[in-house]
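Any read-out appearing in this document is the output of simple, stated calculations on the displayed coordinates, not a laboratory observation. Because the structure is a prediction, the values reported are computed rather than measured. Positions of Cβ are backbone-derived with ideal geometry, glycine not excepted, and every protein chain shown enters the neighbour counts.
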Amino acid sequence: MTSTIASSVLSSMNSTSSTADSTTSAADDLQDQFLTLLTTQLQNQDPTDPMDNSEMVTQLAQISTISSIENVTSTLEGISSQISAAETLQASALVGNGVLIDGNTIQVGDGVATTFGVTLDSAADDVTVTIKDSSGTVVRTIDEGSMSSGTQALSWDGLQDDGTTAADGAYTFSISATASDVAVTSTALKYALVTGVTTDSSNQVALDLGGVNENVGLSDISLVL
């Protein structure tokens with residue numbers, strides 16, 4: 001009798017703990033079932049071979065553990081919902097703002113070039129920006145001088161090395177940074193306009209940057225302009 005009831009209780013607890021969407025009410029039902037089984041077990045135990053106290057304590061500990069897991073799960077779900085709401089609010093505040101994300105393109109329209117940027121792993125005493133057109137021809141080289149480590153926005157006046165205005169279109173750029181003639185690791189950053197808030201494939205909050213496959217997470221934003 002004892003082993004049969006204990007097996008039944010364990011089976012119920014294992015089934016409940018493996019269900020991802022278990023609720024507090026499920027835990028309460030499990031406790032009721034356990035108490036009913038325990039009462040029945042006590043009522044029908046053999047007077048000459050009463051229920052082992054250690055076995056009872058073990059079963060009580062097991063039901064308490066499952067109940068605690070249910071409560072923790074419920075709490076974590078609540079925290080997750082709050083974090084998601086906070087991220088959505090934070091992302092919404094960025095709509096209409098320009099940001100810098102990983103990339104090495106500059107757009108030119110009516111002679112005006114979009115902002116771009118760079119992230120340096122360490123300070124550099126010589127930073128050079130090389131801008132090329134769609135055919136790979138260098139149209140402008142900009143000496144930025146020394147720069148501190150971290151992320152910084154850069155600009156191009158839209159003029160080529162010969163002083164003429166660059167044609168409208170897409171350009172690419174590269175960064176060369178050194179400190180005492182030793183190369184400094186750099187990451188090129190491009191400009192993007194946040195047009196909306198959406199969710200990615202894993203249902204996480206993402207920023208819509210208005211282009212094809214241009215959805216990025218908040219952690220992908222290097223700088224808000």
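For a footprinting-style exposure proxy, rank THR65, THR172 by other Cβ within 10 Å, fewest first.
Least crowded to most crowded, the residues run THR65, THR172.
Got a sec? How would PHE116, PHE173 order by Cβ neighbour count within 10 Å, fewest to most?
Ascending Cβ contact count within 10 Å gives the list PHE173, PHE116.
Assuming a ≥ b ≥ c are the square roots of the Cα gyration tensor eigenvalues, decide whether the range 109-162 counts as rounded (a/c under 1.5), prolate (otherwise, with a/b larger than b/c) or oblate.
prolate
When only Cα pairs under 8 Å and 6 or more residues apart are kept, what is the percent relative contact order across the range 98-224?
Values: 311 pairs, mean separation 43.5, N = 127.
Once divided by the residue count of the range 98-224, the mean separation gives 34 percent.
Taking 0.36 nm per intervening residue step and subtracting the Cα-Cα distance, what contour gain separates ASP200 from SER148 on full extension?
So the extension gain works out to 15.3 nm.
For the range 98-224, what D do you get in µm² per second when you plug the Kirkwood radius from alpha-carbon pairs into Stokes-Einstein at 25 °C and 0.890 mPa s?
Taking Rh from Cα pairs, D becomes 158 µm²/s.
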